[in-house]
């Protein structure tokens, strides 16, 4: 979230799209309800009428996978009716930038397309530069090549009738949605978006989010109280795991995983350190070399970062198609992996295309499964269709302590790092994950020291005791290392520090190895003042109380800033756009900023608002994504139509897919749109909640929700068991026949949609059913590789 | 000061935190359930389910409402179930809080069905294991210790409220005025006669037939046979008790 949970109450219009917040983030509704009590309008856009819809002031339906048509139409509506927040758009977004001559967009394809490799040459999307090497701008927004005009041109195709035709949303609803949301473009109005997996799990997942980010920029809704772009995270600590980058392409603090072509730290830093020639651009990532050196120093204390850089694993490419989840299991299924650690997760149920995932596990030599309950992954060999006598995989199951049995921090959706003390001891001497990881790596180090190996240095020289005290994992020591400390006596910014002093904030990090920090974003979380995440004071100033900021409760990255991009919440003189809900305010050269921690302490107007962008502006035109600088509607890789009204390019041309796997496009065997989702009562694959009797009592079995019209067509009665099938697999589910789902009219044809939860698995309860991911395709977003589990094609029949 | 719940159904998201919190505090086991074509589960109150969120879909003129009703004992100001009591002390009507508490002695009652039959809200059930007649006891143990009932403590949206009766009735009136702007048919149910006051957004019967008392002025439609018999039986039981 750019903002945080409490901040939802400051909103005037809350759009919930791509999420079922009331069911899947119940506590969010504490603040949504407060916003409504203050007069806010809540809009829910979703294929189903859910528990969220019951509380919304307006509910509009769309066929799964057509969000960009709706959002692109909203951009057109805002521009056609000149509802943008002009001062904000001109000063804080790249609307005025001139796009280079190489950029084209023709019939659904952007410039630079390589059809053989299914990639784009992004250099074709560059801005036109002036003599000083800065983007050319036209603040009048009249130049036909400026981003504003290009945006207008791009979305002129997104007419109401076309959107209705492809999305199935009612025209009256569409207009009401646009009118209501676009009204937040006024300086004293805030609109916010609450989204989750309903937006991300598509082959256009990243562009779904970008569409909304662009709308928020056009309406001046980023940086302000009650605004922002708010991803509702599904795990209590998934924000933390993202920040610490448990993904193939990033290192802690969103640093890049190096590539094989980058043979030195200098070469690596050069690629990822942006240079701006505009003195008004803070260009914060110019500090990149300080962060990379400090991370290396945190891992290898006794080495010069220049040397330890060689210890980092290198990628051949940065492509999701080469390294992300779906590819990992594709390669595993081809026998390219020997072992797998399935740690705190249940891929046999959670990954798309479960039958393929489970088959891949049979090709392993070994698997280590760490979990709190027996699960479909560790026990895959005795699952449906498996013959244990023919499976070679050796599985080691390590039970571990649960969250309340250990000390440490979680980082919530609102980026709050919250320290948790330990409750009861884990039973039977079970250990926390930290202890298991520490002991495992310690053992590996010993083995390498004893036996050697192809390249032992990265392992033997790792400063592994940096996270342990007397040979036992130490969460405080780990948190201090994540913050970082000085590795020798140093003077920075006129302040003297001793070796071992905690670093006050990331502004003090250095490139020369005199500082270490396990994650620059968390530098400031554990300082000389102590463990900031453990703070529980509710003290606040009047300004902070006004918008529900609690700067002394826990700690928030970066540097305790509670609302990101808050420099955009004020005008060029530092006066809040909406004084009634001021986030920050400039009070003069002596007293400076009041309210939240500002995005940099510079005086107003001295620096551009979006300090993390190279040029300092919010990106309406985003030339960094894999699939185009403007979001474009493409159909899911499985869809019920042969064409769509915006171009003749049916699917995202660079989507991640495996050519040998068939997809159902207008396939009469699979005529129904399918989607997966969650319920309030279960979590993820249900492993934790299915083992909690009171929750299984409330939601005992897999179900498939369908309209009364579809049920009648298929002769299905409410509550009876039915068969749901896709190209990839088949499962049973209990039919919930409901008025809360309605058939869509798509291009003049009736299209039905059904949905299933993915919380169930064959291990427990015995009559609970299996994972809905048996149906979902191995298809993914080209930027992230996230699978398209929210829109695919199925059939339903009587069991 | 006597206590009262105010339950604002316009704010209930049916997260079922209350249903689970009740079982957790009371250490009640789960029932073996199956999906029966509804998200509501268990299907009904029972000897081990004292709080249940009921789900009902209502469609009128193409406009759908999905109504949620977290059901529990209403702790009547003048509890009709007292008339079903034949073993002294099987029901305790706590003076301080107004809680209506069924005790172990209910196991000794001869006509346990009479409790349910006497209840205008169809609440009491029999626990087949202990033989006791059971229902919500207002978490009297928690309340006497200055805590909120478990269901109220867990509610994320402010739908469930609990406190001194005059404060709750004032909150109910205030919430009703607000709710009527969005839901013209919103009303408070049986506020004078119960200690669990529901604010409904549409007619009570659309949620569940026993949301309001059959004797209530807002009751629509004829009495069920069961209700009729219960009415008929009441005075007789009263005479014999």
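What follows is calculated from the coordinates using simple rules that are stated; it is not laboratory data. Every value quoted in this text rests on a predicted model; they were computed, and no experiment measured them. With ideal geometry, Cβ positions are generated from the backbone for all residues, glycine too; neighbour counts draw on all protein chains shown.
With springs connecting C-alpha atoms under 10 Å apart, model chain B as a Gaussian network and identify which of B:64, B:189, B:140 has the largest mean-square fluctuation. Of B:64, B:189, B:140, the Gaussian network model singles out B:64 as fluctuating most.
Note on region A:476-628: semi-axes of the ellipsoid equivalent to its C-alpha gyration tensor, largest first and rounded to whole Å, are 29, 21, 16.
Remark on chain A: Rg and Dmax equal 26.3, 79 Å (Cα only). Mean projected area of the convex hull spanned by the Cα atoms of region A:430-487, taken over all viewing directions: 4.9 nm². What is the ratio of the Cα radius of gyration of region A:684-743 to 2.2 N^0.38 Å, where N is its residue count, to two decimals? Cα-based Rg divided by the globular estimate yields 1.29.
For an R0 of 60 angstrom, estimate the FRET efficiency from the Cβ-Cβ distance between residue A:720 and residue A:602 and round to the nearest 0.05.
Numbers: r = 66 Å, r/R0 = 1.10.
For residue A:720 and residue A:602, the calculated efficiency is 0.35.
May I ask for log10 I(q)/I(0) of region A:308-455 at q = 0.13, 0.21 Å⁻¹, from a Debye sum over the Cα atoms as equal point scatterers with solvent left out? Here the Debye-derived log intensity ratios amount to -0.82, -1.29. Sorted into 5 angstrom bins from 0, the C-alpha pair distances of chain B split as 1, 6, 13, 18, 21, 18, 13, 7, 2, 1, 0 percent. Relative to the globular-protein estimate of 2.2 N^0.38 Å, the Cα radius of gyration of region A:390-441 stands at 1.51.
Shielding of peptide A:739-752 by partners, expressed as the average count of other chain Cβ atoms within 10 Å per residue Cβ, is 1. Shielding value for B:181-192 is 0, the average number of Cβ atoms from other chains within 10 Å of each residue's Cβ. In percent, rounded to a whole number, the relative contact order of chain A is 17, using alpha-carbon pairs under 8 Å and six or more apart. According to the calculation over all Cα-Cα pairs in region A:1-54, the P(r) per 5 Å bin from zero is 5, 22, 32, 28, 11, 2 %. Springs between Cα atoms under 10 Å define the GNM used for chain B, and in it the highest mean-square fluctuation of B:190, B:122, B:111 occurs at B:111.
Using 1/(1 + (r/R0)^6) with R0 = 41 angstrom and r between the beta carbons of residue B:129 and residue A:366, what's the FRET efficiency to the nearest 0.05?
0.30
Here each label is just a point 7 Å from Cα along the line to Cβ, and for residue B:209 and residue B:178 those points are 3.4 nm apart.
The helix-based estimate of mean residue ellipticity at 222 nm for the protein assembly as shown, built from -39,500 (n - 2.57) per DSSP H run of four or more residues and divided by its residue count, is -6500 deg cm²/dmol to the nearest 500.
Principal-axis analysis of the Cα atoms of chain B puts helix B:225-240 at an angle of about 40° to the longest axis. Between residue A:134 and residue A:538, the modelled labels are 4.7 nm apart [label points 7 Å from Cα along Cα→Cβ]. Based on the Cβ-Cβ distance of residue A:123 and residue A:397, what FRET efficiency does E = 1/(1 + (r/R0)^6) give at R0 = 51 Å, to the nearest 0.05? E(calc), rounded to 0.05, equals 0.55. Got a sec? Which residues in region A:202-242 would a label at residue A:82 touch, if it sits 7 Å along Cα→Cβ and we count backbone N under 13 Å? Nothing falls inside the zone, counting backbone N under 13 Å. Using a ≥ b ≥ c from the Cα gyration tensor of region A:127-251 (square roots of the eigenvalues), is it rounded, prolate or oblate, where a/c under 1.5 gives rounded and otherwise the larger of a/b and b/c decides, a/b for prolate? Note, shape of region A:127-251 comes out oblate.
Please list, in order, the residues from region A:593-610 whose amide nitrogen is less than 12 Å from a point placed 7 Å along the Cα→Cβ vector of residue A:277. Those under the cut-off are none; the list is empty.
Can you tell me how region A:615-698 classifies by the Cα gyration tensor, rounded, prolate or oblate, using a/c under 1.5 as the rounded cut? Here region A:615-698 falls in the oblate category. Modelled spin-label separation between residue B:95 and residue A:102, with each label point placed 7 Å from Cα along the Cα-to-Cβ direction: 8.9 nm. Here the alpha carbons of region A:1-144 define both size measures, Rg and Dmax, at 20.1, 57 Å. Mean sequence separation of contacting Cα pairs (under 8 Å, at least six apart), scaled by the length of region A:493-566, corresponds to a relative contact order of 26 percent. Just checking the listed ones, B:29, B:124, B:70: in the Gaussian network model of chain B with Cα springs under 10 Å, the one fluctuating most is B:29. What separates the Cα centres of region A:1-26 and region A:29-84 is a distance of 11 Å. The mean count of C-beta atoms from other chains within 10 Å of the C-beta of residues in B:27-36, rounded to a whole number, is 6.
Taking a ≥ b ≥ c as the square roots of the eigenvalues of the Cα gyration tensor, an a/c ratio of 1.5 or more together with a/b no larger than b/c marks region A:207-301 as oblate. Put simply, when A:27-34, B:159-166 are sorted by average Cβ atoms within 10 angstrom per residue, most first, you get A:27-34, B:159-166.
Geometric descriptor of region A:348-426, per residue, is 117 Å³ (volume of the convex hull of the Cα atoms). Residues A:195, B:183 in ascending order of nearby Cβ atoms (within 10 Å, fewest first): B:183, A:195.
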